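Asks: Supplied in structure tokens, the structure appears directly below.
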Amino acid sequence: MITVIGNMKGGTGKSTLTFNLAVWLAHKGCELALFDLDPQKTFTDAIEVREEEGYTPALPAALHADTLESPLQADEVLMDVSMSDQDALDQALLMADRVVVPVAPSQADVWSTQRFIRRIKKLRGDNLPPILGVINRADTHPFVPETRETQEALDLLPHIERVPVVLHNRAAFRRAFSEGLAAFELEPNGKAALELKRLARQLYAQEA
């Protein structure tokens with residue numbers, strides 16, 4: 001399955017999410033093909049740190065836009081995309097079996113998500129892949145209203161299904177990523193680990 005992870009707005013945590021899902025799938029024994037189609041190459045950096053530190057399971061080196069047309073031999077394909085390379089973004093969206101959209105809790109991110117859905121619809125027409133919205137980087141304070149408001153807004157948008165798992169803005173995600181680790185490897189029993197595992201099981205319908 002080709003899963004494209006992206007949004008038109010920066011700062012939604014797409015590279016961190018892609019990396020964590022890749023490591024989770026690697027622990028499940030999946031053969032992976034990983035694409036970093038963002039010119040900033042943050043996803044590539046994390047993979048290279050993991051390789052330098054010798055962490056296992058190892059991840060394959062990230063592929064880039066020049067290999068998009070090559071035949072893919074993998075159980076699961078993850079593509080980290082951005083607006084910085086619109087040609088690669090559109091090519092990935094045309095290939096996608098599904099699109100996962102990380103959405104930070106804000107009205108600006110909802111507007112950006114609307115525009116992203118319209119872009120996918122324009123490219124794919126009636127052959128629209130499943131589009132899954134994931135609330136990411138939510139405030140950990142329970143009384144901040146933006147998370148609930150963003151959930152309600154996503155539920156009203158056409159052509160997108162909100163995944164019923166919220167990832168919060170936790171230091172463990174940032175620290176683990178900078179060290180080439182998934183959050184569940186850095187703090188196996190931490191809240192970030194539990195959230196990521198719940199999301200991965202939701203997306204891939206597997207047990208932990």
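No lab work stands behind these numbers, since they all come straight from the coordinates. Because the structure is a prediction, the values reported are computed rather than measured. When we count neighbours, we look across all protein chains shown, and the Cβ atoms used for this are built from the backbone with ideal geometry, even at glycine.
Asks: Compute the length gained on full extension between Asp87 and Ala108: take 0.36 nm times their separation in residues and subtract their Cα-Cα distance, giving the result in nm to one decimal.
Replies: Contour length minus Cα-Cα distance gives 5.2 nm.
Asks: Highest mean first, how do 57-65, 4-12 rank when packing is the count of other Cβ atoms within 10 Å averaged over residues?
Replies: Highest to lowest by the protection proxy: 4-12, 57-65.
Asks: If the cut-off is a Cα-Cα distance under 19 Å, which lysines reach Lys121, setting aside same-chain residues fewer than 8 apart in sequence?
Replies: List returned: Lys9.
Asks: For the pair Cys30 and Asp155, what calculated FRET efficiency results from E = 1/(1 + (r/R0)^6), where r is the Cβ-Cβ distance and R0 = 41 Å, to the nearest 0.05?
Replies: After rounding to 0.05, the efficiency reads 0.85.
Asks: What three numbers, in Å, describe the spread of the alpha carbons of segment 111-208 along their principal axes, ordered from the longest?
Replies: 42, 31, 25
Asks: Right, something else. Go ahead and set up a Gaussian network model of the chain, Cα springs under 10 Å, then flag whichever of Gln73, Gln86, Gln107 fluctuates most.
Replies: Gln73
Asks: Let me ask something else about it. When the Debye formula is applied to the Cα atoms of segment 166-208, each taken as the same point scatterer, what base-10 log of I(q)/I(0) results at q = 0.34 Å⁻¹?
Replies: The Debye formula, applied to the Cα set alone, gives -1.15.
Asks: Rounded to a whole number of µm²/s, how large is the Stokes-Einstein D of segment 1-83 at 25 °C and 0.890 mPa s, given Rh as the Kirkwood radius over C-alpha pairs?
Replies: This corresponds to a translational diffusion coefficient of 191 µm²/s.
Asks: How far apart, in nm, are the 7 Å Cα→Cβ label points at Asp139 and Glu53?
Replies: If labels sit at Asp139 and Glu53, their model points lie 3.1 nm apart.
Asks: Taking neighbour Cβ counts within 10 Å as the exposure measure, how do Ser84, Ser70, Ser15, Ser112 sort from fewest upward?
Replies: Ser70, Ser84, Ser112, Ser15
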